[in-house]
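The values are calculated or read from the model by the stated rules, or taken from the named source; none is laboratory data. Just so we're clear, the structure is a prediction, and the values are computed from it rather than from any experiment. Because the Cβ atoms are built from the backbone with ideal geometry, glycine has one as well, and the counts that use them run over all protein chains shown.
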Amino acid sequence: MNIYPPVEQRFSPFEFYSLMRKNNPIAFDEGNKQWGLYRYSDIEKILRDPIKFSSKFGPFQIPEEYQENLNRPSLLNSDPPYHRKLRSIVDTLFVPIEISKLEPRIKNIANTLIDNIIEKGNNNTMDLVTDFAYPLPATVIAELLGVPSEDHDTFRQWADDIVSLEITNESDIDSIRKADKTVVDMDVYFSKLIEKKKKIPTNDLISHIIRAQVDGHSLSEKEILSFCSLLLNAGHVTTVNLIGNLVFSLLENPQEFKRLQENQNSLIKPAIEETLRYRSPVQFLFRIANADVTLSGARIGDKVEQKIQKGQGITLFLGSANHDESVFTDPERFDITRKNLRHLGFGNGIHFCLGAPLARLEGQIALRVILERFENLQLNFDNSDRQNLYTKVSPLKSSFLLGLSHLPLFFKPKNR
Ligand code: HEM
């Protein structure tokens, strides 16, 4: 059984998920000997149990020779107790109180990007992703890490090559080779930077990681490299899609957009959370069973029970959990005044997204600045046929991220 949504439904996998939740909530892919989980309660349970379910991804669809680079140990795919040691190096830097100090700088970057869009004019058209949603988080994470922002174009190429890594049933060797080469290129780039920062330490994230001590030891060169590329990538490829999905969802749902415009102070934060639920940028995560475990269907009256064997891989569809009708009322509706926002868009448990406070702040600032600077935002493509809207957009080429690679818009600048 194919546990992944068909490629052509990647921007709208929700009907597929709904059928899986109903008919095959714990599905087994015989070919790849891998499980797919779709219900909120099963997924939450696994995320909260790192002892029984490891984050060391293992082989999956990536051939052995590419495992060394594409599956190397990092914060993201390590287990306790090593995970705690790595996380303790950065944990305190990403708490909301620290992140809130970045607000003036993030606002400044966002406003400069909008100035450029208005100055360029382009007959009052823009590509929200290329002109705004991408460069905003990329500049922020580059500045935090202490990497030159003039290298942005290189980062974008790397990001594209990493996110288009095909790790589902459709895995294709070209995307794997490209991602593998990107890891090598990133290592060369960061090695030079680390060398420089070792000689002249600066007040940035890379220098902090170089200085960090775990059990009385500094991290090895390999560990530092892996940390740098994780933070650079995780720090922007996801937030780009949060901003793109947010603006698209608002334009697709004009009544919600109107409510937001009329109640900006109270609805900006909920609009971000609803986007994280409704169009979760990260659609799935991997785990491996550390022991034989029996999972039983979580819904009352269900008889679903499956035995997962030690060593088998499990794909946890966060995108499906976030549309689970047993947790969210009317889940297929984009509703920015929704009461229950317990989404799993940032994961759960010990690997809960380190950058969640930063991503939330970036999303809130992006939305506030867009509302302040533009009026009459509209999709710049034929969107008269609302039923088939998804056939007109440019979905991101990625198996695990849900987003748009371009979002053409009409805008009218507001008089300031
Ligand atoms: C909307 C934006 C974002 C989304 C949807 C997102 C999503 C996620 C998810 C689902 C996880 C859990 C992974 C797992 O359990 O295996 C995660 C972990 C992580 N995220 Fe994010 N993320 C976002 C933004 C960021 C940002 C801005 C950073 C920058 C620092 C970041 C850094 C990380 C790191 C380092 C981890 C690994 C944490 C650990 O394993 O302990 N993320 N993220």
_Leading residue by the ranking (nearest to the chain's Cα centre (by Cα)) among those in region 291-312 that are in a loop (DSSP other than H, G, I, E, B) and modelled with pLDDT of 90 or more_ = GLN312
_If ASP204 meets every condition in (1) farther than 19 Å from VAL240 by Cβ; (2) surrounded by fewer than 18 Cβ atoms within 10 Å (Cβ to Cβ); (3) in contact (Cβ under 8 Å) with a residue 60 or more places away in the chain; (4) out of contact with any Leu (no Cβ under 8 Å at 6 or more places or on another chain) apart from one, which number is that one?_
(4)
*Output the residues belonging to region 318-350 that are closer than 23 Å to TYR4 by Cα and near the ligand (Cβ under 7 Å from one of its atoms).*
LEU318, GLY345, PHE346, GLY347
*Got a number for residues in region 313-360 being surrounded by fewer than 20 Cβ atoms within 10 Å (Cβ to Cβ) and not in a loop (DSSP other than H, G, I, E, B)?*
4
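Results for (1) surrounded by fewer than 17 Cβ atoms within 10 Å (Cβ to Cβ); (2) part of a loop (DSSP other than H, G, I, E, B); (3) in contact with a Phe, Trp or Tyr (Cβ under 8 Å, 6 or more places away or on another chain), shown as yes or no for each residue.
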{"site": "ASP174", "(1), (2), (3)": "yes, no, no"}
{"site": "THR182", "(1), (2), (3)": "no, no, yes"}
{"site": "LYS196", "(1), (2), (3)": "yes, no, no"}
{"site": "HIS208", "(1), (2), (3)": "no, no, no"}
*What are the pairs, 6+ residues apart or on separate chains, where a residue within region 226-251 that is away from the ligand (no atom under 11 Å from the Cβ) has its Cβ under 9 Å from a residue that is modelled with pLDDT of 95 or more and of a type in the set (Lys, Arg)?*
PHE248/ARG279; SER249/ARG279
_Test for LEU371: is it within 20 Å of the chain's Cα centre (by Cα), under 27 Å from ILE99 (Cβ atoms) and of a type outside the set (Val, Ile, Thr)_ = no
*Just wondering, is there one or more residues in region 283-290 that are within 15 Å of the ligand (Cβ to nearest atom), under 24 Å from ILE167 (Cβ atoms), modelled with pLDDT of 95 or more and part of a helix (DSSP H, G or I)?*
no
*Just one of the numbered conditions (1) surrounded by fewer than 22 Cβ atoms within 10 Å (Cβ to Cβ); (2) closer than 20 Å to TYR278 by Cβ; (3) touching a residue at least 60 places away in the same chain (Cβ under 8 Å); (4) not β-branched (Val, Ile, Thr) is not true of ARG48; which one?*
(2)
*What helices (runs of 4 or more DSSP H), lying completely within region 1-110, carry at least 3 residues that are within 26 Å of THR182 (Cα to Cα) and away from the ligand (no atom under 16 Å from the Cβ)?*
64-70
